[in-house]
Ligand SMILES: NC(=O)c1ccc[n+]([C@@H]2O[C@H](COP(=O)([O-])OP(=O)(O)OC[C@H]3O[C@@H](n4cnc5c(N)ncnc54)[C@H](OP(=O)(O)O)[C@@H]3O)[C@@H](O)[C@H]2O)c1
């Protein structure tokens, strides 16, 4: 109480460690708004908790199966008025997407062809989305990935196994393709912020912890690791540009943890069973992280549990 009085009298800068409630009380007593990092943080949390409610129009790139299909499903389930644009290489062949259209209706689930190894298909997809479905996007999630192809490609255990074609496919899928997707759809994210100032549009690139250079203890997986590291650098570079432009868009990289999907299947026996997530769990946790993304998170690399990962 005495300290509050003193501060109120002198208008002094408040010491570290003072509780947020005490600071608000101080503000109330002196009839002024108190500014400090902790109060801003609380305000941000309150604001960002609502982003999950306001980000209603999402594009999920790589939605035919695995985590991408689960993202599409979870986004449709949680709000009755949400809309998902689901892109993939061959929309007609995805039974999962057909099921989502059946359950949620064709006006809420739009499928569009987009192949990350074909730049023309990325530009065409953006044209089609703008022309036929939506002029704005509140959320873009780049999910597609490739780690192995049965009978054709396995992650390299040694430098001696590095192959040009595997490197090329990994970089097309994890870096070059997603960069063009972000380029083409950025204006639609900006359009969302322009249309509704409550929305902070988010661009989310699904990366992998193995893409962190400082976290690399094990080596191996040359193509996958280095292409995810490239995706991380692209995300950070976009974030720097976004921070200088208006309206604001936030870009983050996100590690899903180890999830039970086709991608992780051949490697699961080396991993404790209890640490392998069901897709539903992994996606629910990632959506919690995405919902909380605020302006100050632009340019960060998060894990599924919200912990920041060093680049
Ligand atoms: N699962 C994990 O434990 C784990 C861990 C760390 C990071 N990740 C990352 O999480 C993301 C999703 O992985 P997942 O586990 O869901 O994998 P998944 O089940 O194998 O699904 C991969 C998805 O990527 C799509 N894809 C591949 N190449 C493509 C291309 N050229 N153009 C467009 N789409 C393409 C596939 O489409 P098709 O159906 O057409 O093949 C499929 O939808 C990936 O970025 C992966 O690196 C996963």
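The values are calculated or read from the model by the stated rules, or taken from the named source; none is laboratory data. This one's a predicted model, so the numbers in the text were calculated from it and none came from an experiment. Please note: Cβ atoms are built from the backbone with ideal geometry, for glycine as well, and neighbour counts cover all protein chains shown.
Overview of values
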item	result
The lone exception for residue 158 - which of (1) within 27 Å of residue 282 (Cα to Cα); (2) exposed (fewer than 14 other Cβ atoms within 10 Å of the Cβ); (3) in contact (Cβ under 8 Å) with a residue 60 or more places away in the chain it fails	(1)
Failed condition for residue 108, given (1) more than 11 Å from the ligand (Cβ to nearest atom); (2) crowded, with 20+ Cβ neighbours inside 10 Å	(2)
Candidate set from the range 111-155 (those that are buried (at least 18 other Cβ atoms within 10 Å of the Cβ) and part of a strand (DSSP E or B)); member that is nearest to the ligand (Cβ to nearest atom)	142
Near pairs, Cβ below 9 angstrom, 6+ apart or cross-chain, from the range 132-145 (more than 15 Å from residue 108 (Cα to Cα)) to any residue that is modelled with pLDDT under 95 and buried (at least 24 other Cβ atoms within 10 Å of the Cβ)	none
Residue check for residue 92: more than 13 Å from the ligand (Cβ to nearest atom), part of a helix (DSSP H, G or I) and out of contact with any strand residue (DSSP E or B) (no Cβ under 6 Å at 6 or more places or on another chain)	no
Matching residues, the range 178-210, being within 17 Å of residue 71 (Cβ to Cβ) and in a helix (DSSP H, G or I)	178, 181, 182, 185, 189
Any hit, the range 241-257, residues being in a loop (DSSP other than H, G, I, E, B), touching a strand residue (DSSP E or B) at 6+ places or on another chain (Cβ under 9 Å) and more than 10 Å from the ligand (Cβ to nearest atom)	yes
From 202, 230, 208, residue being more than 11 Å from the ligand (Cβ to nearest atom), closer than 27 Å to residue 75 by Cα and in the same structural domain as residue 83 (by TED's automatic domain parsing)	202
